[in-house]
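Novice: Next up is a structure, given as structure tokens.
The values are calculated or read from the model by the stated rules, or taken from the named source; none is laboratory data. The structure presented is a predicted model; accordingly, all values stated were derived computationally and were not measured. Every residue, glycine among them, receives a Cβ derived from its backbone with ideal geometry; neighbour counts consider all protein chains shown. Ligands, DNA and RNA are stripped out before the accessible areas are found, and what is left, the full protein with its side chains, is counted by its heavy atoms. Shrake-Rupley method; radii C 1.70, N 1.55, O 1.52, S 1.80 Å.
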Amino acid sequence: PNITEASLLTNNEYKEEYDEEYIKKLVNDLYKLGAKNIILTGVSFEKGKIGAVYYNGKDFISYFSNKIVKSYHGTGDIFSSIIVANIMNKVDIKDNLKDAVEFIIDCILNTMDDENHKYGVKFEELLYKRMRRG
């Protein structure tokens, strides 16, 4: 989930401004609900950065990249797809987070200069290049 969804699922107050302890509380509360491997998206502990955190009841792992001020619908679905594909390919969780965050950033950058593309990101070309890299 993203922070909004996690707040709703755990009955925690939604906060636009938060610290690492708030995020740790959200993922711990999700863990208590029964989720054993949590990835929380849209997290930032530093201005100009965005990323995701992972929690499995003991490990708290994060990855952040430079934030792009443009957003598009559907990036969460693409993010989840990258995560699942990497799990199936036995990619370590830290590398998996980095790969998914960076792919979404690349998708946004690939889309934002196209004035005719108003909805979603143009990920198909990047996905093709990704498949070709082996």
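Novice: Tally time: how many residues in the stretch 86-119 are part of a loop (DSSP other than H, G, I, E, B) and closer than 25 Å to Thr4 by Cα? Don't jump to the end; show me each part of the working.
Specialist: The initial filter retains those residues of the stretch 86-119 that are part of a loop (DSSP other than H, G, I, E, B), namely 89-92, 112-119.
Filter once more, so that each one left must be closer than 25 Å to Thr4 by Cα: 112, 118-119.
Going through the stretch 86-119 one residue at a time, the tally reaches 3.
Novice: Within the stretch 86-106, identify whether any single residue is within 14 Å of the chain's Cα centre (by Cα) and farther than 30 Å from Glu125 by Cα, and answer yes or no. Before the answer, list the steps.
Specialist: First, pick out the residues of the stretch 86-106 that are within 14 Å of the chain's Cα centre (by Cα): 86, 93-106.
Then drop every residue that is not farther than 30 Å from Glu125 by Cα, which leaves none.
The answer is no; no qualifying residue exists.
Novice: Considering only residues that are open to solvent by 40 Å² or more (accessible area, probe 1.4 Å) and polar (S, T, N, Q), which ones fall in the stretch 24-55?
Specialist: Within the stretch 24-55, Asn28, Asn37 meet the criteria.
Novice: Another question about this same structure. Within the group Ala35, Ala6, which residue is in contact with a Leu (Cβ under 6 Å, 6 or more places away or on another chain) and free of Cβ contacts under 8 Å to residues at least 60 places away in the same chain? Break it down into steps so the answer makes sense when it comes.
Specialist: Details: Ala35 fails: in contact with a Leu (Cβ under 6 Å, 6 or more places away or on another chain).
Within the list Ala35, Ala6, the selection yields Ala6.
Novice: Right, another one. Out of all the residues in the stretch 112-134, which are in contact (Cβ under 8 Å) with a residue 40 or more places away in the chain and surrounded by 14 or more Cβ atoms within 10 Å (Cβ to Cβ)? Reasoning before the result, please.
Specialist: Of the stretch 112-134, the ones in contact (Cβ under 8 Å) with a residue 40 or more places away in the chain are 112, 119-121, 123.
Once the filter is applied, which keeps residues that are in contact (Cβ under 8 Å) with a residue 40 or more places away in the chain and surrounded by 14 or more Cβ atoms within 10 Å (Cβ to Cβ), the stretch 112-134 yields Met112, Gly120, Val121, Phe123.
Condition check ((1) hydrophobic (A, V, I, L, M, F, W, C); (2) touching a Gly at 6+ places or on another chain (Cβ under 9 Å)) across all residues:
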residue: Ile61; (1), (2): yes, no
residue: Phe64; (1), (2): yes, yes
residue: Val69; (1), (2): yes, no
residue: His73; (1), (2): no, yes
residue: Ser81; (1), (2): no, no
residue: Phe103; (1), (2): yes, no
residue: Thr111; (1), (2): no, yes
residue: Lys118; (1), (2): no, no
residue: Lys129; (1), (2): no, no
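Novice: Would you call Ser62 under 21 Å from Pro1 (Cα atoms), modelled with pLDDT of 95 or more and in contact with a Leu (Cβ under 9 Å, 6 or more places away or on another chain)?
Specialist: Values: under 21 Å from Pro1 (Cα atoms): yes; modelled with pLDDT of 95 or more: yes; in contact with a Leu (Cβ under 9 Å, 6 or more places away or on another chain): yes.
For Ser62, the condition - under 21 Å from Pro1 (Cα atoms), modelled with pLDDT of 95 or more and in contact with a Leu (Cβ under 9 Å, 6 or more places away or on another chain) - is met.
Novice: Give the residues of the stretch 69-93 that are in contact (Cβ under 8 Å) with a residue 40 or more places away in the chain and surrounded by fewer than 17 Cβ atoms within 10 Å (Cβ to Cβ), sorted by residue number.
Specialist: Passing the criteria: Lys70, His73, Gly74, Gly76.
Novice: What's the total number of residues in the stretch 1-23 that are within 15 Å of Gly76 (Cβ to Cβ) and open to solvent by 20 Å² or more (accessible area, probe 1.4 Å)? Don't jump to the end; show me each part of the working.
Specialist: Taking the stretch 1-23 as the starting set, the residues that turn out to be within 15 Å of Gly76 (Cβ to Cβ) are 1-6, 8-9.
Narrowing further to those that are open to solvent by 20 Å² or more (accessible area, probe 1.4 Å): 1-2, 4-5, 8-9.
Residues that pass the stated criteria total 6.
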